[in-house]
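Encoded as structure tokens, the structure appears first; notes follow it.
No value in this document is a laboratory result; all are computed from the given coordinates. Keep in mind that this is a model prediction, so the values were computed, not measured. Quick reminder, even Gly has a Cβ in these numbers, built from the backbone with ideal geometry, and neighbours come from all protein chains shown.
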Amino acid sequence: MDTPQTSAEDSAGRAEVVLGIGTDEWVARHNERLIVDSGPLARLKDTASKIPNLVRWLLVLLIAVAVPLGTSNPYIMRVGVNLGLFILLSYGLNIVVGYAGLLDLGYAAFYGFGAYAYALVSSDQLGHHWKTYISVPIIVVATALLGFLVSLPSRRLMGDYLAIVTLFFGQVFVQVVLSSDSITFPWATDSIDITGGSNGIPALDPFVLFGHKFLNAKDYYWLLLAIIVILTLTITRINRTRIGRAWRTIREDSLAAQAMGISINRLKFMAFIVGAALAGLAGTILSAVQGAVFVNGFDLPLLTLVYAAIILGGSGSLPGAVMGAIVMSLLPEFLRVPSYSEILFFVVLILVIGAMRRSIKSFAITLLGIFVTGIIVRGIFLSLSVKSLPRDEWATGVIGRFLSHWLFVPNNRLLWGNASFVLLIALIAYLTQASPTIKRILLPVAAFLGIFLWEVRLIQQPSTTRQLIIGTMLIVLMVTKPQGFLGKARVEVL
Amino acid sequence: MTIQDPAVKETLLSVEGVDTYYGSIHILQKLSLEIKTGELVCLLGGNACGKSTTLKTILGLVPARTGSIHFAGIDVTKKSTPDRIKLGMAVVPENRRLFAPMTVLENLQIGAYVRGDPDPADLDRVMTLFPKLAERRHQLAGTLSGGEQQMVAVGRALMSRPRLLLMDEPSMGLAPRLVEQSFEMIAELHRDGVSMLLVEQNANMALSVADRGYVLQTGRIVLTGPASELSSHDELRRAYLGR
């Protein structure tokens, strides 16, 4: 009498698997195969992911509103304005690169164009002092027009070809601005100074809107906040419309997009125009808040930072653009203080080791390896009777003091720092080629060299280390999460 | 097959004496074909005979160097692909080419791009035709199975309410069971009155649903006739049907 019971169980067991016609089992059981992490961290992540998007936006907005109400510190407000400008630029570039997938490397020039255009009509340079509500809209439209002109060659160009053309445009802009300080028109005898060359244009008028003269960074902060809120609402909306969808199809498969009847050229133009207009707007605000304009802010370093922001946040994601902008504009400020950057350096180092040594055991062994390497190196230095630097002279910050019991810092910091730098680069280059066993042995050595280099040399040079840290963080992130923090991972069933 | 009066049928698409080149390579040679309203015509042929190129030429993705293409009474030879789509062509591309990181719903909405904002009625129609897609509307298209992707591709094409549906190798890359299903789907669409050009390597399947067929060989039409005649044609049987 066992048999019927077994078969009932069997049929019950099978009932889950029996599927409607046309359904694949692989897809039907999609949810069962989702990898669910366990542990407190994963639970936190899970809870965080359940917060609706709107609440997150409001939370960010709340903080953004609270800061200027709580403080009038000009430095903080200035950092806030920079962040706002950064978000504006990221939004614009996100449309061009993230939505439409056009690799525009001349983007910084639109920012510069907006800034210089505002300077020219709001200073004694050419003797024009236009009213803000007239000059800004005109400049935004003019920048959009410039965006259209630059996008003309993009009709037939995609990817790297477009990138090189736009990069060229960006460089041309810088050169034109630099050399437009003595232009002689054919009908005139004297040369005139338009852009001020490398000296820039000083003494610009501040914004005057609704009878209110913008006196400090806080005023611009509120203005930027209002603009960003409006833009966030608009772009989110556009993304859900026909145009937004069509932009994304161009990025994914422009041939298939054409086959859907999408005029891809027109949409590329639109993306370029909207992106340029936003950059132009950001440019006018930058000029006004700085009260002066210089060409060196619109070159490759800025472009790199804005790209880093949208890639970090996840190309094509609006919250990602905000997050990337926050990281890329606040991090360098944070890193100005050496003891902060020291903390961050060690956090990054631990994360890198953690990413390479996933299990707790091998992670601990690596840490032990670093410790032992330090002892051995100390021994070598002592036996070579190399003079050491007194502890008080280098051990700054909590971590430095802690490490000073273990780390040997030689007196000649320059020599040993440079030597360890060369050695570290060589070691890392070798490690990428090495077998897993050798990697396991040499990883602690490389990590030690990193620490040594940091304490001996890099901590003295905050500007270099800032870039090194940001660069390293980007690389680590790209390796572990190629789609960015908030980007969608590409899932494809081939 | 339903019996239709040939007299009421009007020509929907006519391709006349078209030559197509890829660079300096001559692909289609004086190719002519015709599709009447409501007809299901299949274009057969082996590998590299110009089937897909014919489709691309009709769509305007590859320019025709000579000859002319008329669609719904309008000369479209010089018109761009989006313009032709606007006139009422729709395509189910080879390998489906869905927009993988977008949802099923977004893919369908994109299909209605030329009509402006998607008509909810069209969406309902596609969802009724493929109930599976209604369930998966918020799933990313790239994560669907092959058969479901095929449904999205067809649904996407139908969203523009096309006068002519161009299908490129709907059987490609599908399991035999799914191939059968997708041909059932084609036959059903045909019964609903959708005009179709079906480009296929699977001649047996294609002829079982089509009204008429053309056989392509190295860029030339070598054989044409009603599907029933073609499937009993000795030469064709030897060459493609393997019977």
Cα centroid of region A:90-163 to Cα centroid of region B:124-174, whole Å: 40
task: Run the numbers on chain A and let me know its relative contact order in percent, using alpha-carbon pairs under 8 Å that are six or more apart.
output: 20
- line: dims of chain B, Cα set, principal axes, largest to smallest, nearest Å -> 47, 42, 40
task: Tell me the label-point distance for the pair A:Ser198, B:Arg161, using the 7 Å Cα-to-Cβ offset, in nm and rounded to one decimal.
output: 6.6
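Evaluate the relative contact order of region A:340-460 (contact order divided by residue number), counting alpha-carbon pairs under 8 angstrom at least 6 apart; express in whole percent.
Details: 83 pairs, mean separation 39.4, N = 121.
About 33 percent, as a whole number.
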field: Rg [Å, one decimal], Dmax [Å, integer] - region A:340-460, C-alpha atoms
entry: 14.3, 41
statement: Amide H proximity to B:Val91 below 5 Å, modelled H, separation 5+ or other chain, gives B:Leu166
- request: Quick one: P(r) of region A:71-334 from all Cα-Cα pairs, 10 Å bins, percents rounded to integers, in order of increasing distance.
  value: 7, 30, 35, 20, 7, 1
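What does the net charge come to around B:Met172 if you take all other residues with beta carbon closer than 12 Å to its beta carbon, with K and R at +1 and D and E at -1? If you can, show how the numbers build up before the last one.
Values: positive: B:Lys51, B:Arg96, B:Arg97; negative: B:Glu94, B:Asp168, B:Glu169, B:Glu200.
Here the charged neighbours net out to -1.
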- request: Could you tell me the distance between the Cα centroids of region B:186-207 and region A:224-283, to the nearest Å?
  value: 37
Per-residue HN-Hα couplings for region A:70-77 [Karplus 6.51, -1.76, 1.60; θ = phi - 60°; Hz; x = Gly/Pro]: x, 9, 10, 3, x, 5, 4, 5
field: Residues of type lysines that B:Lys78 reaches as a straight line, Cα spacing below 18 Å, ignoring anything fewer than 8 places off in the same chain
entry: B:Lys30, B:Lys56, B:Lys86
- line: Taking placed amide H atoms and a strict 5 Å upper bound, the residues 5 or more places from B:Leu174 or on another chain that come that close are none
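Based only on other Cβ atoms within 10 Å, what is the fewest-to-most ordering of A:Leu54, A:Leu344?
So the ranking, lowest neighbour count to highest, is A:Leu54, A:Leu344.
Sort A:Trp57, A:Trp416 so that the residue with the fewest other Cβ atoms within 10 Å of its own Cβ comes first and the one with the most comes last.
On the way: A:Trp57 17, A:Trp416 20.
So the residues, fewest neighbours to most, are A:Trp57, A:Trp416.
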query: Cα-Cα over 29 Å: which of A:Lys268/B:Lys79; B:Lys9/B:Lys51; B:Lys9/B:Lys79; A:Lys268/B:Lys132?
result: A:Lys268/B:Lys132
³J(HN,Hα), Karplus 6.51/-1.76/1.60, whole Hz, each residue of region A:315-327, x for Gly, Pro: 4, x, 10, 5, x, x, 4, 5, 5, x, 5, 4, 4
- request: Rank these for me by crowding, B:Cys49, B:Cys42, going from fewest to most other beta carbons within 10 Å.
  value: B:Cys49, B:Cys42
query: Normalised by the residues of chain B, what does the relative contact order come to in percent, with Cα pairs under 8 Å and at least six apart?
result: 27
- request: Report the local net charge at A:Gly170: Lys and Arg +1, Asp and Glu -1, summed over other residues whose C-beta lies under 10 Å from its C-beta.
  value: -2
Over the protein assembly as shown, equivalent-ellipsoid semi-axes from the Cα gyration tensor in Å: 57, 38, 25
query: What does the charge add up to near A:Ile76, with Lys and Arg as +1, Asp and Glu as -1, over the other residues with Cβ less than 14 Å from its Cβ?
result: +2
query: Among all the lysines, which ones have a C-alpha under 21 Å from A:Lys131's C-alpha, if same-chain residues fewer than 8 places away are not counted?
result: A:Lys213, A:Lys218
